[in-house]
Every structure is written in C-alpha cells, then in structure tokens.
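Undergrad: First the structure, then my questions, so here it is.
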Amino acid sequence: MNIINQEFRTREQVEAETGFVIESIADALRSYPDTNSKQFACFAAADGKAAFWVRTGSGNTASSLFTDHANLTGDLETAIALAKLPRATWTVFQQLEALIPLNRKAADQMVEQYALLGHMRDIEELLARETHIICNGFKSRVN
C-alpha cells in the first residue's frame, strides 16, 4: 500500500476505534475473576520474563494451570512439565493455540514449542494475536 491508495481515517473514526479498543480490553479484564492469574502475568512482564495470557475460560483447569506456571517460571518447557501436558482432554498444541504472548520473549518460546510439534509460526504472527482479538471484538479469558 502506498500514499496514493491509502484511505485516511477521520478524527472521529480514530476516536471511535480507540474507545472501542479500550472498552474491549476493560471488558476482557473484568470478565475474568481470577486476579491471581492477572497478577502472575503482570509480574512476569514487569520482571522481564516471558509473559502470557490465554483465551480459555477459568473452567479449563489444564489451560489455567499451564498459563499460571508459564508466568511464574517464565519458561514454557517447564510449564508443560508442571501442568503435565498433554492430558486426555488438553494437548500442548491446543494450549499454544490458546496462548497470547504479551512480549517478545514469550513469542520466541512459543515459536520453539510449535517447532517441536512440527508446526511453523513466526514471532510477528504470535504478537499480533492480542491486537486481533481485541480489535475484532473477541474477548480474552472469558467464561
């Protein structure tokens, strides 16, 4: 795309989109009652470790446990072992598909885990997950 065929949004459109994104983020955070999981993700990011969020609800115990372990240890490989994945009802691939990397370290680790399973993902694709989820009206971590 170049300047010639670029469509420029009006100030009102930008304000409406920005308000929608902020509202969607607030809805996603309000809808999930587990403040420990939020705290683990925030602490991991603040400590410079790989930090993750997940699209599954709190009813998915395997996914919640895995994500908490990943944020507490900062390492997906350790989280897989601690959460005892794969399980009969939840696999490593399913967990990776539900994960949202909150920083580049998290995306790097996800690329490695996908590769071990024979799948290819790139860092930019993984980092774009949260933007896609929020901007297109999908909510993270809802019941």
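Undergrad: Just checking, does the stretch 92-114 include any residue being assigned to a helix (DSSP H, G or I), surrounded by fewer than 17 Cβ atoms within 10 Å (Cβ to Cβ), among the small types (Gly, Ala, Ser) and modelled with pLDDT of 85 or more?
TA: The answer is no, given that none of the residues of the stretch 92-114 is assigned to a helix (DSSP H, G or I), surrounded by fewer than 17 Cβ atoms within 10 Å (Cβ to Cβ), among the small types (Gly, Ala, Ser) and modelled with pLDDT of 85 or more.
Undergrad: Here are some residues: Ala115, Ala88, Ala83, Ala128. Which one is of a type in the set (Gly, Ala, Ser) and touching a residue at least 12 places away in the same chain (Cβ under 8 Å)?
TA: Ala83
Undergrad: Okay, next question. Yes or no: the stretch 63-73 includes at least one residue that is over 23 Å from Asp122 (Cβ atoms), at pLDDT below 85 and more than 15 Å from the chain's Cα centre (by Cα).
TA: Scanning the stretch 63-73, I find no residue that is over 23 Å from Asp122 (Cβ atoms), at pLDDT below 85 and more than 15 Å from the chain's Cα centre (by Cα), so the answer is no.
Undergrad: Give me the residue from the stretch 44-77 that is out of contact with any helix residue (DSSP H, G or I) (no Cβ under 7 Å at 6 or more places or on another chain) and assigned to a helix (DSSP H, G or I) and, out of that set, nearest to Gln109 (Cα to Cα).
TA: So the residue we want is Glu77.
Undergrad: I've got another one for you. Which of the residues spanning the stretch 78-91 are surrounded by 18 or more Cβ atoms within 10 Å (Cβ to Cβ) and either acidic (Asp, Glu) or not in a loop (DSSP other than H, G, I, E, B) (or both)?
TA: Ala79, Ile80, listed by residue number.
Undergrad: To continue, here is another question. Might you check whether a residue that is surrounded by fewer than 19 Cβ atoms within 10 Å (Cβ to Cβ), of a type in the set (Lys, Arg) and closer than 22 Å to Leu116 by Cβ occurs anywhere in the stretch 55-74?
TA: no
The values are calculated or read from the model by the stated rules, or taken from the named source; none is laboratory data. Quick caveat: nothing in here was measured; it's all calculated off a predicted structure. Heads up, the Cβs are rebuilt from the backbone with ideal geometry, glycines too, and the neighbour counts pull from every protein chain shown.
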